[in-house]
Amino acid sequence: MTAEGPRGAVPRGNGGAAAPAPIVRTEGLTVRFGGLTALNNVSIAVPSGEIRGIIGPNGAGKSTFFNCLTGVLKPTSGRILFNGEDIAGLAPHTISRKAIARSYQITNILPGATVLENVRIAVQSRHHNWSMLRHHRAYADVVDRACAVLADVGLAGKETELAVNLSHGEQRNLEVGIALATEPRLLCLDEPTAGMSVAETHATVELIRRIARDLTILIVEHDMEVVMGLAHTITVLNYGEVLAEGTPAQIQANLRVQEVYLKT
Amino acid sequence: MTTAPAARRTPSAVGYRIGLTVVLALLALAPLVLPPFWQRFVTEILIWGLLAMSSDILIGYTGMVSFGHSAFFGLGMYGAAAALLTVKPPDLWLAGLYGLVGAGVVAAFVAYFATRLRDIYFAISTLVFSQIFYVIIFTWTEVTGGENGLTFSQPRLSLLGLGSDRFTPVTLHWFVLAVVTLSYLLIRRILQSPFGKVLESIRENEARTRAIGYHIERYKIVAVMLSGLCAGLAGVLYAIQNKFAAPDFVFFTVSGEVVIFNVMGGMGTLVGPFAGAAFFLLLREGLSRFLTEYYLIPLGMIFVAIVIFLPQGLLGFLRRRLNQ
Ligand SMILES: Nc1ncnc2c1ncn2[C@@H]1O[C@H](COP(=O)(O)OP(=O)(O)O)[C@@H](O)[C@H]1O
Ligand SMILES: [Mg+2]
């Protein structure tokens, strides 16, 4: 697996010539749970079009960072600028409509609905969502788009199955499909390959590479091979603070990172 | 991908239509063959079924348990009473309008405040709101008649342009059947619509539904309004059938029975609550003849047996077919 994606003009966050304006930037983001500081003064800028890896030991604050970005948590202090607008503390549905989507570390789907319905309802959030007098299947645009998303995430043919009956790996991909169906510009993936087999992991990596052509991706991942292979830049969190930031090669060579994280 | 499932009639959709037609035909014929007591009884089952169905919108589809449906039902009743007592000559459609406005106002009030709460807190707040309305109705004697309620005369059955006539038990039954059937078809369509699918998504996973961009509270408010209006309509029909409005019907035990109809008949099916209402009312009728007020003991045991052995309710097994 090569460390670089196939694209030439990948915008880089690490200085150099005229970096493009970041699609998302945090300034002094801090989250405290009582006495525990889960995020401490985190300032990160992610250029549009980048795949940004976020790594760090368990409890480092990675999921908390996503929770702030998607409105699940209101940060104790700090700003989150998405395309220049401060979105810190906005409601999750408002942030979703600004084109930020996420998948969850712990699978978070509609268990009793069909696979198609899981994705269809996400597509529908942008189209006809208040229509009351026609059958939902009559809106072929929504159904067709949902089927296309399912094909994208490798779930074609599973449309009529109940989501709860999918295998773990399939549910993980459905998770990504639901997020994709909301047509995001920024996609936050929280350990998308957690618990997957080697083959499933490989397929998911390919999927992420494919969808990354049109959007910016933040990915939290424990599988080092996966994250090093996918990310253009990696941010390392430790005890809620940014420990290091750089290309996969730089991170692998960073002594402090090795000290707290990579050495096992 | 070319998908046009809407245009396709699946075998089970055909089965649904046949089943519905047969049941409606039987219900339409029922008053022609039944003795007067049972004639009236079947009409009443339809009305209670409509009330229970209105509650199913929240319990079965949105995942919100309301213990306050007696308030919507009661306001429908008293609204109808207001029209029938103040407007001369008493007008059927005006009774419906007043009743729906009454129930709608209360539903808007409850929806606005109660939907900020979830789960048991929502359930309790609906109960508290309905009891507030009960106390108001019970104590405001000059307007509501207090404990004694209000009695009035039955409006004539008037169909626009077709003249009017006094209700007979049979025409009243047909009128109720028509209103209930149209309400059922409308609610069913709304629950199959994109809006209705959002309600189901809220039931399945509220946090995720919010995360994909839905403003949950707004959907819940509309769901409660819809449910309250439908319950109010049942109240109107009950007022017209019985020619009185009484505070007992606003009391929370009525709301409890509504939830029981849903659990017995099958939540999330719309028709299940009708079956639940029929089953419960028939059992009560039969048991109380032998056991007077002790009928509650076997009724309670039957309820527990259903919850244990038929957790989906009497018609729960039809759920997927009914909701296609
Ligand atoms: N809602 C919460 N309430 C209290 N503590 C929390 C909450 N969410 C996370 N934490 C704590 O914050 C720290 C960071 O958690 P998290 O962001 O989930 O870490 P990561 O995803 O990097 O493993 C952990 O110590 C965790 O226990
Ligand atoms: Mg985490």
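The values are calculated or read from the model by the stated rules, or taken from the named source; none is laboratory data. Since this is a predicted model, take the numbers as computed values, not measurements. Quick reminder, even Gly has a Cβ in these numbers, built from the backbone with ideal geometry, and neighbours come from all protein chains shown. The protein model used for the area step is the full one, side chains on, heavy atoms only, and it has no ligands, DNA or RNA in it. Shrake-Rupley method; radii C 1.70, N 1.55, O 1.52, S 1.80 Å.
For this structure, a couple of remarks:
- A:Glu161 vs. criteria facing chain B (nearest Cβ under 9 Å) and either more than 21 Å from the chain's Cα centre (by Cα) or aliphatic (A, V, I, L, M) (or both): no
- Some residue of the stretch A:128-145 being assigned to a loop (DSSP other than H, G, I, E, B), of a type in the set (Gly, Ala, Ser) and more than 8 Å from chain B (Cβ to nearest Cβ): no
- B:Ser288 meets the conditions (1) under 20 Å from B:Thr115 (Cα atoms); (2) surrounded by fewer than 24 Cβ atoms within 10 Å (Cβ to Cβ); (3) among the small types (Gly, Ala, Ser) in every case but one. The failed one is (1).
- Pairs where the first residue, in the stretch B:187-200, is in contact (Cβ under 8 Å) with a residue 40 or more places away in the chain and more than 7 Å from chain A (Cβ to nearest Cβ) and the second is of a type in the set (Val, Ile, Thr) and assigned to a helix (DSSP H, G or I), C-beta under 6 Å, 6+ apart: B:Gly196/B:Ile190; B:Leu199/B:Thr62
- A single member of A:Val176, A:Val260 is more than 22 Å from A:Arg102 (Cβ to Cβ) and either buried (at least 21 other Cβ atoms within 10 Å of the Cβ) or not polar (S, T, N, Q) (or both), and it is A:Val260.
- Candidate set: the stretch A:96-125, residues that are within 7 Å of chain B (Cβ to nearest Cβ) and open to solvent by 40 Å² or more (accessible area, probe 1.4 Å); chosen: the one nearest to A:Gly84 (Cα to Cα): A:Arg97
- Which listed residue, of A:Val257, A:Val198, is aliphatic (A, V, I, L, M) and within 16 Å of ligand 1 (Cβ to nearest atom): A:Val257
- Scanning the stretch B:133-163 for residues that are out of contact with any helix residue (DSSP H, G or I) (no Cβ under 6 Å at 6 or more places or on another chain), touching a residue at least 60 places away in the same chain (Cβ under 8 Å) and open to solvent by 60 Å² or more (accessible area, probe 1.4 Å) returns B:Glu147, B:Asn148, B:Thr151, B:Ser153, B:Arg156.
- B:Gly228 being more than 14 Å from chain A (Cβ to nearest Cβ), modelled with pLDDT of 95 or more and crowded, with 20+ Cβ neighbours inside 10 Å: yes
- Those residues of the stretch A:61-70 which are part of a loop (DSSP other than H, G, I, E, B) and either near ligand 2 (Cβ under 8 Å from one of its atoms) or open to solvent by 10 Å² or more (accessible area, probe 1.4 Å) (or both), in sequence order: A:Thr70
- Single condition B:Ala207 does not satisfy, out of (1) without any contact (Cβ under 8 Å) to a residue 12 or more places away in the chain; (2) under 30 Å from B:Gln39 (Cα atoms): (2)
- Of the residues screened, A:Leu187 is one that is more than 16 Å from ligand 1 (Cβ to nearest atom) and either open to solvent by less than 50 Å² (accessible area, probe 1.4 Å) or farther than 30 Å from A:Gln124 by Cα (or both).
- Taking the stretch B:1-104 as the region of interest, the helices (runs of 4 or more DSSP H) fully inside it that hold 3 or more residues being open to solvent by less than 10 Å² (accessible area, probe 1.4 Å) are B:36-56, B:69-86.
- Matching residues in the stretch A:104-127 - criterion: being in contact (Cβ under 8 Å) with a residue 12 or more places away in the chain and over 21 Å from A:Val142 (Cα atoms): A:Tyr104, A:Gln105, A:Thr107, A:Asn108
- Residues that are surrounded by fewer than 22 Cβ atoms within 10 Å (Cβ to Cβ), within 16 Å of ligand 2 (Cβ to nearest atom) and part of a loop (DSSP other than H, G, I, E, B) do occur in the stretch A:71-90.
- So B:Ile120, is it in a helix (DSSP H, G or I), at pLDDT 90 or above, out of contact with any helix residue (DSSP H, G or I) (no Cβ under 9 Å at 6 or more places or on another chain) and open to solvent by 30 Å² or more (accessible area, probe 1.4 Å): yes
Residue-wise test of (1) facing chain A (nearest Cβ under 7 Å); (2) hydroxyl-bearing (Ser, Thr, Tyr); (3) surrounded by fewer than 24 Cβ atoms within 10 Å (Cβ to Cβ).
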| position | (1), (2), (3) |
| --- | --- |
| B:Glu204 | yes, no, yes |
| B:Arg208 | yes, no, yes |
| B:Ala211 | yes, no, no |
| B:His215 | yes, no, yes |
| B:Ile221 | no, no, yes |
| B:Val224 | no, no, no |
| B:Leu233 | no, no, no |
| B:Val236 | no, no, no |
| B:Ala239 | no, no, no |
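- Tally, over the stretch A:61-110, of residues that are within 18 Å of A:Gly34 (Cβ to Cβ) and either within 13 Å of ligand 1 (Cβ to nearest atom) or in contact with a helix residue (DSSP H, G or I) (Cβ under 8 Å, 6 or more places away or on another chain) (or both): 10
- Subset of the stretch A:192-233 (residues that are within 16 Å of ligand 2 (Cβ to nearest atom) and either open to solvent by less than 20 Å² (accessible area, probe 1.4 Å) or assigned by TED's automatic domain parsing to the domain that holds A:Asp144 (or both)): A:Pro192, A:Thr193, A:Leu218, A:Ile219, A:Val220, A:Glu221, A:Val226, A:Val227
- One residue stands out among those in the stretch A:38-60 that are in a loop (DSSP other than H, G, I, E, B) and within 14 Å of ligand 2 (Cβ to nearest atom): the one that is surrounded by the fewest Cβ atoms within 10 Å (Cβ to Cβ), which is A:Asn58.
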